[in-house]
Amino acid sequence: HEYTPTLTMDDLGNAVMDVIRHEQLTDIHLMGHSMGGYTSMNIFERFPEYIKTITLVHSGASADGEDKFKMRQKSIQLMLRGEKEQQVFLKALFNNFFHPTFVNEHKQIVSDYVNRGMELPKEHLAAFYNAIAHRKDYNELITNTNTPIHWILGTHDTAVALDTAITEVSKPKVAAVSILDACGHCAMEENPKLLSEKIIAFIQ
C-alpha cells in the first residue's frame, strides 16, 4: 500500500527559502544534487524572482513515471520494516549510485554513505523518499522560462537515466548540458574537479 505522506517538496523548498530570506539573498545561482535538484525546481516554480540560474546535478524536471513511483513505494515499505531492511535498502542504493570502478576503488566512501543513511530514523528516510515520489512535473515550467538551466548528467547514472534527462535539455530557451563520462549519480565524489569547472563555466 502507498505510504502516507508526512513531508512534501514544498516543505523542503520552504526550509531553503527561510535561509535565503534570512540571508537576504537575491539573484541566486541555485543548484541542487538529486533531491536537491527537485527542491530547486520547487523553489523556482514558487519564487522565480529570486533565481538567476539553475543547475540540476544528477537531477531533472520530470516527475516519476508509474513504474518508478511503484518501485519507490516498495522501497519505502522495505525500509520501514526495521533496521536490517533499512541497511539492505541503503547498501543497494549507494552501491548503484556510483560507477562500478569507483565502487571497487572506494569501498569506504560507499560504506560511509550507508552509515550516514543509517543515522536517520527509518521514518525520516521514508518521508524523504516519499516526498521525491510525489514531486511535480516541471517540464511545462522549463519550456516557458527565460531563466538559464544547466543539467549535469553522468553516463552511468542509474538513478537519473541519461536518455531520460537529456530529453529535457531542449525545452528551455537558454540551456546547457554537461555529460560526465564514466560517472554515476555522485559527481561530487566521483569527479569533483570537473563538476566544479562545469558549474563555474555555466555561471560565468
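Residues in the range 31-79 that are in contact with a Lys or Arg (Cβ under 7 Å, 6 or more places away or on another chain) and among the hydroxyl-bearing types (S, T, Y): Y38 alone. Can you tell me which of (1) open to solvent by 20 Å² or more (accessible area, probe 1.4 Å); (2) modelled with pLDDT under 95; (3) closer than 23 Å to A161 by Cα; (4) not hydrophobic (A, V, I, L, M, F, W, C) is the one Y113 doesn't meet? The single condition Y113 does not satisfy is (2). Only a single item in (1) out of contact with any strand residue (DSSP E or B) (no Cβ under 7 Å at 6 or more places or on another chain); (2) more than 20 Å from D137 (Cα to Cα); (3) open to solvent by less than 60 Å² (accessible area, probe 1.4 Å); (4) modelled with pLDDT of 95 or more is not met by V19, and it is number (3). Can you confirm whether G32 is in contact with a Ser or Thr (Cβ under 8 Å, 6 or more places away or on another chain), at pLDDT 95 or above and surrounded by 20 or more Cβ atoms within 10 Å (Cβ to Cβ)? Considered against the rule, which asks whether it is in contact with a Ser or Thr (Cβ under 8 Å, 6 or more places away or on another chain), at pLDDT 95 or above and surrounded by 20 or more Cβ atoms within 10 Å (Cβ to Cβ), G32 comes out as yes.
Only one of the listed residues (E83, E45) is farther than 22 Å from V114 by Cβ and open to solvent by 60 Å² or more (accessible area, probe 1.4 Å). That residue is E45.
Comparison of T26, T6 shows that the only residue that is in contact (Cβ under 8 Å) with a residue 40 or more places away in the chain, open to solvent by 60 Å² or more (accessible area, probe 1.4 Å) and in contact with a helix residue (DSSP H, G or I) (Cβ under 9 Å, 6 or more places away or on another chain) is T6.
Would you confirm whether or not the range 144-162 contains a residue that is under 16 Å from the mean Cα position of the chain (by Cα) and without any contact (Cβ under 8 Å) to a residue 12 or more places away in the chain? Within the range 144-162, one or more residues are under 16 Å from the mean Cα position of the chain (by Cα) and without any contact (Cβ under 8 Å) to a residue 12 or more places away in the chain. Selection within the range 164-192: residues that are polar (S, T, N, Q) and open to solvent by 40 Å² or more (accessible area, probe 1.4 Å). The member of this set that is farthest from H99 (Cα to Cα) is S170. Taking (1) at pLDDT below 95; (2) within 16 Å of Y38 (Cα to Cα) in turn, L125 satisfies each apart from (2). Of the residues making up the range 101-109, not a single one is within 18 Å of L153 (Cβ to Cβ) and within 15 Å of the chain's Cα centre (by Cα). Do we have any residue at all in the range 69-84 that's within 19 Å of I132 (Cβ to Cβ), without any contact (Cβ under 8 Å) to a residue 12 or more places away in the chain and charged (D, E, K, R)? Yes: one or more hits.
The values are calculated or read from the model by the stated rules, or taken from the named source; none is laboratory data. All of these numbers come straight from a predicted model, not from anything done at the bench. Every residue, glycine as well, gets a Cβ built from its backbone with ideal geometry; the counts of neighbours run over all protein chains shown. In case anyone asks, the SASA skips ligands and DNA or RNA and just uses the protein heavy atoms, side chains included. Shrake-Rupley method; radii C 1.70, N 1.55, O 1.52, S 1.80 Å.
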